[in-house]
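Please read the structure below before turning to the comments.
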Amino acid sequence: MVAQTETESAKHYAPVRARRPTDFDLTLPALGLLALFFVLPVAMLLTRSVTEPVPGLGNYAELMGSSTYLRVFANTFMVSGLVTFVSLLIGFPVAWALAIMPSRLASVVFAILLLSMWTNLLARTYAWMVLLQRTGVINKMLIGVGLVDKPLPLVNNLTGVTIGMTYIMLPFIILPLYGVIRKIDPAILQAAALCGANRWQSLVLVLLPLAMPGMAAGALMVFVMSLGYFVTPALLGGTANMMLAELIAQFVQSLVNWGMGGAAALVLLVVTLALYAVQLRFFGTDRLGGS
Amino acid sequence: MSKPFLQIRGIRKEYGPVTAVHDVNLDVAQGEFLTFLGPSGSGKSTTLYILAGFENPTRGEILLNGETLLATPSHKRNIGMVFQRYTLFPHLSVGENIAFPLKVRRRPKAEIDARVRAMLKLVRLEGFEDRKPAQMSGGQQQRVALARALAYDPPVLLMDEPLSALDKKLREEIQHEIRRIHQQTEVTILYVTHDQEEALRLSDRIAVFSKGAIDQIGTGPELYANPATRFVAEFIGDSDFLPCNVVSAANGRAEIAICDSMTVSHVPLHGAASSGAKAALMLRPERLLLSRTQSEAGLPVTVSDITFLGNNVHVTTKTSKGNDLSVRLPFGHEAISGLNRGDAVWLRFDAAAAHVFGQ
Ligand SMILES: Nc1ncnc2c1ncn2[C@@H]1O[C@H](COP(=O)(O)OP(=O)(O)O)[C@@H](O)[C@H]1O
Ligand SMILES: [Mg+2]
């Protein structure tokens, strides 16, 4: 909209005024920075993936041909999917509660959410390690109330990764969902009730479909972010369920195999971009608002 | 009126210190079209929301066919409602919207399809079932909302200012439709509006709301001819009020003195007024007779403005005490040919068509 009026007025004034910078001109410095610090290093890494140790697609063949590596891919998708699912399950009721609670209370909850987002990722992950370990608070409480008799294994496995990552991803689900739910007119739900829909039917037939754009946007964001996550899986996960980012780190740091590292990174990049394309295709930025 | 179908008994609603509805009592007959008319904030919507089950009354009772409605949650009340805002489900097509109440009632598909077609026919939107609400005009959306609310044959249909977002011409068109649909379906309708013309055009009876209470209930002509309170007199039809002194009052009639120059007897009196008290005399512009020649029975006034309004001419006059009084006459009436501002004229009225309201 703004861009259109800009260029239109620029055209209109063309004879009297010098050419005004277009929107594209204004993004050039940013694009330059992006090229220098992002595109260039990635391109160099990717180049090494097809040149080291010998030119060709050998690294990719090895990556795709080995069941060990494929298991890492599968695990990465599984963990990301699980984290996304649990985040949605928890995020939806939270976003709904935020949307209907008195605005003063809601701003307190938002402050807590944002505070947790601004806290250092490592600090938050270590905090979960402390809480979840065998002698941690959670196990002590569970034993204390007699729910279990010996500590549950909550870290260095899938449970630990899921808890830690879900906690970190929750705000990314809650915020877009909250935006969409807030825009739903309460009168629409009143109409559904008078039409005879009970709470469950209103939720499934009206609220969820109307919140779908927010859920999809949040879920895709969480899924994509989870795919490349390193710190939390490395600290809270076990060796049995390694994720792709951990594998890349291992290639580069332990094995000093830049070729394989670059190949794995490219696969991750391609998958991420493909998912991003899906998001743009179905929920283009202007459709995120729903209604 | 047949036996009370819907009974509203002493309904009161308090929001903290605010009393939104004051002890409303109302009997509605089956098939009746009853309108809540009143200014914004007078408690009309709150009363309707209590009927719908969105709000619980602080006290009072609502009976439908003699049985309490208050114990039933909204989704089991089987009541239809059309809202002020557009409330079609935006993700469903027109047909799916109308089918929604039948789907949640788990009716067979063939019955739902037939019902959707019948409803679309009723609101004259055949062929629109695959459109999305966003592709329809405001008036069409409200007609679909009406079809959706009627699809499950509710005993009572609530309408909360359903046309207030539409422009005047469209509003009149849909008022016409609503009247036809009411006659066709014989559903009992409780309608809310702040527009007196809409209320008069649609309703069998009108309940005039003021400050959370019903001032008067009656047919349009009853309210117009016999307003119980000054508020009703002001709200229904045009009226002017002159300060007057009560000379004597008995049996609902009063003898009054206006402008120190004239006394009128047998004027219908509303509210308490003892002799010597100050009161307000209500006069309707179309019930005043204007005469160019002095007469004993006429109130002397001066013409302050003349407005041509198509088939009517509106003459504004000032009494000797400086109060405005309007007279409405048909265009071309002999009494106003050649009339000018500043002219002295005399106004007469039938005592029975005037009203005195005690202070
Ligand atoms: N949820 C509420 N909380 C507090 N006051 C309310 C609430 N709903 C309505 N009111 C008050 O009750 C009064 C009547 O409102 P309402 O029934 O909406 O009037 P109307 O529909 O006639 O315009 C108003 O003064 C309004 O401010
Ligand atoms: Mg209202």
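No lab work stands behind these numbers, since they all come straight from the coordinates. None of the values given here were measured: they were computed from a predicted structure. Don't worry about glycine lacking a Cβ; one is built from the backbone with ideal geometry, like all the others, and counts go over all protein chains shown.
Taking amide H atoms as placed 1.01 Å from N in the peptide plane, the amide H of B:VAL21 lies under 5 Å from those of B:LYS13, each 5 or more residues away in sequence or on another chain. Taken one residue at a time, the phi angles of region B:237-245 give Karplus couplings (6.51, -1.76, 1.60, θ = phi - 60°) of x, 8, 7, 10, 10, 10, x, 9, 10 Hz. Gly and Pro are set to x.
Listed by Cβ neighbour count within 10 Å, with the fewest neighbours leading, B:GLU96, B:GLU173, B:GLU222 appear as B:GLU173, B:GLU222, B:GLU96.
Taking every DSSP bridge with both residues inside the protein assembly as shown, close to 75 percent are antiparallel.
For B:GLY358, what charge total do you get from the other residues with a beta carbon under 10 Å from its beta carbon, if Lys and Arg give +1 and Asp and Glu give -1?
+2
Residue-wise HN-Hα couplings along region B:292-302, as the Karplus relation 6.51 cos²θ - 1.76 cosθ + 1.60 with θ = phi - 60° gives them from phi, are 7, 10, 4, 9, 4, 7, x, 8, x, 9, 10 Hz; Gly and Pro carry x. Treating cross-link reach as a plain straight distance, find the aspartates and glutamates whose alpha-carbon is under 13 Å from the alpha-carbon of B:LYS103, omitting any fewer than eight places away in the same chain. Within the straight-line limit of under 13 Å, B:LYS103 reaches these aspartates and glutamates: B:GLU111, B:ASP113. Taking other C-beta atoms within 10 angstrom as a stand-in for reagent exposure, B:ILE174, A:ILE173 fall in the order B:ILE174, A:ILE173, fewest first. Counting only other chain Cβ atoms within 10 Å of each residue's Cβ, the peptide B:48-59 averages 1. Helix B:168-185 and the long axis of chain B differ in direction by around 60°, with both axes built from C-alpha atoms.
Counting Cβ atoms of other protein chains within 10 Å of each residue's Cβ and taking the mean over peptide B:154-160 gives 1. Taking H placed 1.01 Å from N in the peptide plane, check which residues at least 5 places from B:ASP215 or on another chain put their amide H under 5 Å from its amide H. Amide H to amide H, under 5 Å and 5 or more residues apart or across chains, B:ASP215 pairs with B:VAL208, B:PHE209, B:SER210.
Each Cα pair under 8 Å and six or more residues apart adds its separation to the average, and for region B:44-94 the resulting relative contact order is 28 percent.
Peptides B:98-109, A:121-132, ordered by how many other C-beta atoms sit within 10 Å of their residues on average, highest first, read B:98-109, A:121-132.
Cross-link partners for B:LYS321 among the aspartates and glutamates, with Cα-Cα distance under 20 Å and sequence neighbours closer than 8 places in the same chain left out: B:ASP240, B:GLU255, B:ASP260, B:GLU296, B:ASP305, B:ASP343. Distance from the Cα centroid of region A:209-248 to that of region B:72-94 is 39 Å (rounded to whole angstrom). Per-residue mean of foreign Cβ neighbours for B:92-100 is 2 (Cβ atoms of other chains, 10 Å radius). Any chance you could give the angle, 0 to 90 degrees and rounded to 10, that helix B:94-104 forms with the longest Cα principal axis of chain B? With both axes taken from Cα atoms, the answer is about 70 degrees. For region A:29-46, 3J(HN,Hα) computed residue by residue from phi via the Karplus equation (6.51, -1.76, 1.60; θ = phi - 60°) reads x, 5, 4, x, 4, 4, 5, 5, 9, 10, 5, 4, x, 4, 4, 5, 5, 5 Hz, glycine and proline entered as x.
Across region B:161-225, the relative contact order, built from alpha-carbon pairs under 8 Å that are at least six residues apart, equals 21 percent.
Cβ crowding within 10 Å ranks B:THR185, B:THR316 as B:THR185, B:THR316, fewest other Cβ atoms first. Amide H contacts under 5 Å for B:ARG131: B:VAL94, B:GLY95, restricted to partners 5 or more places along the chain or on a different chain, H placed in the peptide plane at 1.01 Å from N.
Round to a whole angstrom and tell me the spacing of the C-alpha centers of region A:159-187 and region B:133-212. One Cα centre to the other: 40 Å.
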